[in-house]
1. Condition first: more than 8 Å from chain A (Cβ to nearest Cβ) and of a type outside the set (Val, Ile, Thr). Now tell me which residues in region B:182-207 satisfy that.
2. So A:Glu52 fits all but one of (1) more than 19 Å from A:Gln145 (Cα to Cα); (2) within 14 Å of chain B (Cβ to nearest Cβ); what number is the exception?
3. Quick check on region B:170-179: of everything there that is facing chain A (nearest Cβ under 9 Å) and out of contact with any Lys or Arg (no Cβ under 8 Å at 6 or more places or on another chain), which residue is surrounded by the most Cβ atoms within 10 Å (Cβ to Cβ)?
4. In region A:26-46, what count of residues is obtained for those that are buried (at least 17 other Cβ atoms within 10 Å of the Cβ) and either at positive phi or free of Cβ contacts under 8 Å to residues at least 60 places away in the same chain (or both)?
5. In region B:132-142, which residues are modelled with pLDDT of 95 or more and exposed (fewer than 13 other Cβ atoms within 10 Å of the Cβ)?
6. Kindly evaluate B:Glu127 against the criterion of being charged (D, E, K, R), part of a loop (DSSP other than H, G, I, E, B) and more than 8 Å from chain A (Cβ to nearest Cβ).
2 protein chains.
Amino acid sequence: MSEGMGKVTCNLTISADGYSAGLNQSEERPFGDDGGDGWGDKLHAWYVEGAEENKAEIDAMMSATKAFIMGRNMFGPVRGEWDRQWNGWWGENPPYHAPVFVLTHYARDPQPMDGGTTFHFVTDGIESALAQARAAAGDGEIAIQGGATTINQYLAAGLIDELRLHIAPLTLGAGTRLFEGVPPLKLEQVTARATSMVTHVTYRVLR
Amino acid sequence: MSEGMGKVTCNLTISADGYSAGLNQSEERPFGDDGGDGWGDKLHAWYVEGAEENKAEIDAMMSATKAFIMGRNMFGPVRGEWDRQWNGWWGENPPYHAPVFVLTHYARDPQPMDGGTTFHFVTDGIESALAQARAAAGDGEIAIQGGATTINQYLAAGLIDELRLHIAPLTLGAGTRLFEGVPPLKLEQVTARATSMVTHVTYRVLR
């Protein structure tokens with residue numbers, strides 16, 4: 001992070017064994033074999049049933065973030081060319097209320113949504129997406145929103161300043177794992193807080 | 001856990017990516033490529049420099065435990081036959097002060113040490129070791145002391161009641177990983193506490 005630039009964060013809910021999604025992801029079960037309904041219900045119970053208790057972390061996730069970056073797999077199930085209209089999993093008014101840069105190999109025009117979210121499609125790689133997100137965010141924060149595969153790419157490239165992990169009480173045994181293929185990192189534990197359903201840990205990535 | 005039996009616990013310090021030791025373990029560097037000196041200094045700083053702050057967790061690790069089980073790799077670097085005198089890494093007065101059952105394929109007579117520790121060598125598998133530890137512990141707790149490979153075997157067999165994890169602020173990227181090869185587990189987060197150097201999380205394993 002350079003002077004005057006907003007930090008690059010990421011929020012990720014993981015199982016106790018580090019997975020953000022299970023095997024066999026599909027449109028019907030975007031989190032795959034996730035120990036629950038395939039929509040991450042067990043992983044994400046902390047911010048559904050636990051919304052009140054975990055308000056501080058939920059607020060921190062969204063409020064300071066002025067631009068988001070996500071992988072195409074997180075955006076939706078469409079592969080290859082955009083031969084089918086798909087505007088994300090989140091309905092007409094997605095919870096981002098800011099520009100969202102979607103990493104893809106297939107060009108597509110920006111897709112404005114209600115509530116201030118616009119999906120931009122970036123075909124020239126993670127550094128370009130970050131540069132575009134920075135330009136959009138000014139000195140606001142940028143969140144690498146996921147999934148874990150995208151976060152791992154940014155971690156490996158040394159481009160994430162702060163990791164905010166939410167560790168849910170289950171293991172998945174297999175799937176998409178945070179830190180997979182990422183060289184060893186020195187972290188500073190900035191804050192940690194446990195509520196009844198989850199353990200929140202924020203790490204600063206040291207360089 | 002049945003009525004009147006002490007619970008089976010395990011304490012393990014892991015990196016944020018779930019490793020309890022790095023690659024390339026050796027007698028000179030028993031924790032291998034561990035981000036530090038090969039003796040787990042970075043992983044275990046919380047109970048060396050952080051001993052005061054983490055006293056509750058350190059006390060809980062030892063006080064209620066009446067018998068320990070460990071893998072041969074945790075006991076020492078000798079492989080194959082016991083062709084060399086090796087009584088553990090811990091000197092004449094090991095910190096266990098109780099019977100310690102060491103899993104091995106090679107028979108050896110019990111090795112009494114100072115301070116109440118005796119190393120017993122078990123050649124007929126993890127269930128036998130647990131039965132012997134139970135007989136020794138009465139209704140006291142039994143700790144599966146490690147390493148992660150041994151803990152994973154007990155987890156996969158459904159023989160651990162409580163996991164006490166101590167998550168250190170670094171990643172190793174490779175090595176011996178907790179939960180590797182263990183089928184998905186439902187956990188209940190019993191307690192969690194963060195101190196300046198580590199996040200402690202205790203899970204009950206649900207059946």
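1. Answer for region B:182-207, where residues must be more than 8 Å from chain A (Cβ to nearest Cβ) and of a type outside the set (Val, Ile, Thr): B:His200, B:Arg204, B:Leu206, B:Arg207.
2. Going through the list (1) more than 19 Å from A:Gln145 (Cα to Cα); (2) within 14 Å of chain B (Cβ to nearest Cβ), A:Glu52 breaks only (2).
3. If we take residues in region B:170-179 being facing chain A (nearest Cβ under 9 Å) and out of contact with any Lys or Arg (no Cβ under 8 Å at 6 or more places or on another chain), then B:Leu172 is surrounded by the most Cβ atoms within 10 Å (Cβ to Cβ).
4. 7
5. Matches in region B:132-142: B:Ala135 only.
6. For B:Glu127, the condition - charged (D, E, K, R), part of a loop (DSSP other than H, G, I, E, B) and more than 8 Å from chain A (Cβ to nearest Cβ) - is not met.
The values are calculated or read from the model by the stated rules, or taken from the named source; none is laboratory data. Note that the coordinates shown come from a computational prediction; the quantities given were computed from them, not determined experimentally. A quick note on method: Cβ atoms are made from the backbone with ideal geometry, for glycine too, and the neighbour counts reach across all protein chains shown.
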